[in-house]
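To start, the structure itself, in structure tokens.
The values are calculated or read from the model by the stated rules, or taken from the named source; none is laboratory data. What you see is a predicted model, and the numbers here were worked out from it, not measured in a lab. Note: ideal-geometry Cβ built from the backbone for every residue, glycine included; neighbour counts use all protein chains shown.
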Amino acid sequence: MANQSSSYPILCASFNQDNSCFAIGTRDGFKIFDPNSGRLLYERAIGAFSIVEMLYRSSFLAIVGAGEQPSLSPRRLCLFNTETGTALKEVKELNFLTSILAVRVNKKRLIVILQEKAYIYDINSLVILDTIDTVPNLKGLCAFSPSLDGCFLALPASTVKGSVLVYNVMELNSHCEIDAHRSPLAAIVLSSNGMYIATASEQGTIIRVHLVSEATKSYSFRRGTYPSTISSLSFGPSLQLPDLLLATSSSGSVHVFYLGFAINQRSRRSISFLGSIIPDSVNDAFDPAHHHVLHNAVPAGVKSYVVIRKVDKVADTSSSDSLPCRASISIITYSGYFQEYILTINHKNESSWILEHEFNLLTVMA
């Protein structure tokens, strides 16, 4: 997630594909951390970077300069090896005509997002496989599922409404287009296995979840009544339906929607008269039962990047209505801090938040 503002000390932040480590870019260079211990794993002070993307826990990095030094152009993508401190193989870099706005990688593909194009490369040979012409995408908005079985890229399909183009980057064809919102998109995320996509519009009041294979709406959640800018969305890791969906907004609050509880609410409504005549999407959007909020997690207006790193089911046989869970939620603020919260949801759908640890990303020493 690259930062467009010059007011923050952190220019970008990203977790790797299994959330086992994360990277930040600053005006001095880039750093890689272990979120469990807070330990600084790698540091390179060679100038300002706007994009730093990892490939799991390998030595591979895709990095893009912020343009503050002549040698670190925002139009140049460098493939970097942390073990040798040099560019990979004979090909040191890929150069483009306009600024690189986002980069995504997995074990087979390298994705480069520009303002009006998306490039798909074979990550091993760096042969370009396809080019997608896109609508103007000034923020480089995109979502990517790293799974090779459901490897999708999601991009805005309109500048006037919240339509999403879902593209299969393994088969190199357009999978579907989803009309998710009336207003333009502000945030997109795909589940790690590519089964579900969540979206938020510039209004930021409703978050919708679609099943990618059928391009059908599964859930709608209301974040709030008043408009707010959604800065990040995150699904909890899962092999099937993710248990949790997280959203952060410009208000500084973290919103978590418990999809498992929504399923049970939906099944109970389906046997009632009211549930049989009111569509599930309408009920879900206004039903607060599955909505848990951590208010003032970060100061209002401070940009943040948040992920659900881990979700564990908690043994509890007192109720069969919903499965309680425990989630590790990591917050990176662009003002320079890392926070790890533990969210626990019990069998009554009651939640509690505990701050496990917090540290300053700019002062940690190796």
Check: Yes or no: Ser231 modelled with pLDDT of 80 or more, under 20 Å from Asn296 (Cα atoms) and either surrounded by fewer than 17 Cβ atoms within 10 Å (Cβ to Cβ) or in contact with a Lys or Arg (Cβ under 7 Å, 6 or more places away or on another chain) (or both)?
Finding: yes
Check: Across region 181-209, what is the total count of residues that are surrounded by fewer than 24 Cβ atoms within 10 Å (Cβ to Cβ) and touching a Lys or Arg at 6+ places or on another chain (Cβ under 9 Å)?
Finding: 11
Margin query: Cβ-Cβ distance below 7 Å, separation of 6 or more or different chains: which pairs start in region 342-356 with a residue that is without any contact (Cβ under 8 Å) to a residue 12 or more places away in the chain and surrounded by fewer than 16 Cβ atoms within 10 Å (Cβ to Cβ) and end on one that is β-branched (Val, Ile, Thr) and part of a strand (DSSP E or B)?
Written below: Ser352/Thr344
Notebook entry, point to check: For region 127-144, how many residues meet the condition of being closer than 24 Å to Phe15 by Cα, aliphatic (A, V, I, L, M) and either assigned to a strand (DSSP E or B) or in contact with a Leu (Cβ under 7 Å, 6 or more places away or on another chain) (or both)?
Noted result: 2
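Filter region 210-228 down to the residues that are surrounded by 18 or more Cβ atoms within 10 Å (Cβ to Cβ) and either within 19 Å of His291 (Cα to Cα) or at pLDDT below 90 (or both) and list them by number.
Within region 210-228, His210, Ser218, Tyr219, Ser220, Phe221, Arg223, Ser228 meet the criteria.
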Check: In this structure, is Phe60 over 24 Å from Ala327 (Cβ atoms), out of contact with any Gly (no Cβ under 8 Å at 6 or more places or on another chain) and not β-branched (Val, Ile, Thr)?
Finding: yes
Check: Do we find that Glu53 is at pLDDT 95 or above, over 25 Å from Glu177 (Cβ atoms) and of a type in the set (Asp, Glu) in this structure?
Finding: yes
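So that you can scan it fast, the table gives a plain yes or no per residue for (1) surrounded by 12 or more Cβ atoms within 10 Å (Cβ to Cβ); (2) at pLDDT below 95; (3) under 19 Å from Glu171 (Cβ atoms):
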| site | (1), (2), (3) |
| --- | --- |
| Asn124 | no, yes, yes |
| Ile132 | yes, no, yes |
| Pro146 | yes, yes, yes |
| Val160 | no, no, no |
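Can you pull out every residue in region 145-190 that is in a strand (DSSP E or B) and either of a type in the set (Ser, Thr, Tyr) or without any contact (Cβ under 8 Å) to a residue 24 or more places away in the chain (or both)? Talk me through it step by step, then tell me what you get.
Filtering region 145-190 for residues in a strand (DSSP E or B) gives 152-156, 162-168, 173-181, 185-190.
Ser163, Tyr167, Asn168, Asn173, Ser174, Asp179 - these are the residues of region 145-190 that are in a strand (DSSP E or B) and either of a type in the set (Ser, Thr, Tyr) or without any contact (Cβ under 8 Å) to a residue 24 or more places away in the chain (or both).
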Note to self: Condition first: within 25 Å of Phe22 (Cβ to Cβ) and in a loop (DSSP other than H, G, I, E, B). Now tell me which residues in region 348-361 satisfy that.
What the structure shows: Leu361
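If you check Lys107 against the conditions, is it basic (Lys, Arg), farther than 24 Å from Asp18 by Cβ, in contact (Cβ under 8 Å) with a residue 12 or more places away in the chain and in a loop (DSSP other than H, G, I, E, B)? Explain how you work it out, then say what you get.
Details: basic (Lys, Arg): yes; farther than 24 Å from Asp18 by Cβ: no; in contact (Cβ under 8 Å) with a residue 12 or more places away in the chain: yes; in a loop (DSSP other than H, G, I, E, B): yes.
In short, no.
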Item checked: Residue in region 329-347 that is nearest to His290 (Cα to Cα), counting only those that are among the polar types (S, T, N, Q) and part of a strand (DSSP E or B) -> Thr344
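Rundown of residues vs (1) out of contact with any Asp or Glu (no Cβ under 6 Å at 6 or more places or on another chain); (2) in contact (Cβ under 8 Å) with a residue 40 or more places away in the chain, yes/no style:
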site: Ile206; (1), (2): yes, yes
site: Thr225; (1), (2): yes, no
site: Thr229; (1), (2): yes, yes
site: Leu233; (1), (2): yes, yes
site: Gly236; (1), (2): no, yes
site: Asp243; (1), (2): yes, yes
site: Leu246; (1), (2): yes, yes
site: Ser249; (1), (2): yes, yes
site: Gly252; (1), (2): yes, yes
Item checked: Pick from region 40-84, criterion surrounded by fewer than 18 Cβ atoms within 10 Å (Cβ to Cβ) and of a type in the set (S, T, N, Q), ranking: nearest to Phe30 (Cα to Cα) -> Thr82
